[in-house]
Amino acid sequence: MVRHTIGRHQNDEYDVIPIAVQRATATVIFALGIFMIAAHTLMAGLAAPRLSLDTRRRAVAPFLVGAYLATWLAVGVVVADGSNFPSIDSDALLPIALLVGFGPMFVAMALLSERSYWARSTRRCHQAG
């Protein structure tokens, strides 16, 4: 029996699921991630006119949301894909994955908190107008 192992590991546990199903599942999961980025960027674009910011900042806000989420997805793919990006030590993979998974969320929470500089400057612009 000849096995073709180009581009994948020769493990019996992966042979249970056909390669076409594995690739289709990976494509669907990746496409869902891109769709979620597009949907959140669209929602940010729809909400931007209601922001109490100047016109330039309102125009830039949806692009910043999209760039933030796309960067998060790209870093997540690079960190999680050890076969194509083998730069991360296996012992450090869990802490790095937690940092990549939850770090941007905590940064966004800090930016949107009441005590942040961004929230205070937004409030000042709203009160001045």
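The values are calculated or read from the model by the stated rules, or taken from the named source; none is laboratory data. Nothing here was measured: the structure is a model prediction, and the numbers come from that model. As a convention, Cβ positions derive from the backbone with ideal geometry for all residues, glycine included, and neighbour counts pool all protein chains shown.
Listing for the model above:
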quantity	calculated
Residues that are in a helix (DSSP H, G or I) and exposed (fewer than 12 other Cβ atoms within 10 Å of the Cβ), drawn from segment 72-104	Ala74, Leu94, Pro95, Leu98, Phe102
Some residue of segment 105-123 being out of contact with any Leu (no Cβ under 8 Å at 6 or more places or on another chain), modelled with pLDDT under 85, surrounded by fewer than 10 Cβ atoms within 10 Å (Cβ to Cβ) and part of a helix (DSSP H, G or I)	yes
Of the criteria (1) out of contact with any Pro (no Cβ under 7 Å at 6 or more places or on another chain); (2) assigned to a helix (DSSP H, G or I); (3) modelled with pLDDT under 90, which one Ile37 fails	(3)
Contacts under 9 angstrom Cβ, first residue in segment 20-33 being over 14 Å from Asp81 (Cα atoms) and among the polar types (S, T, N, Q), partner surrounded by 10 or more Cβ atoms within 10 Å (Cβ to Cβ) and modelled with pLDDT under 90, 6 or more apart	Gln22/Arg8; Gln22/Tyr14; Thr25/Ile17
Filtered residue count, segment 44-60, keeping only those that are among the hydrophobic types (A, V, I, L, M, F, W, C), farther than 22 Å from Phe102 by Cα and in a helix (DSSP H, G or I)	5
Test set (1) exposed (fewer than 10 other Cβ atoms within 10 Å of the Cβ); (2) modelled with pLDDT under 85; (3) not polar (S, T, N, Q) - Ile17 fails condition number	(1)
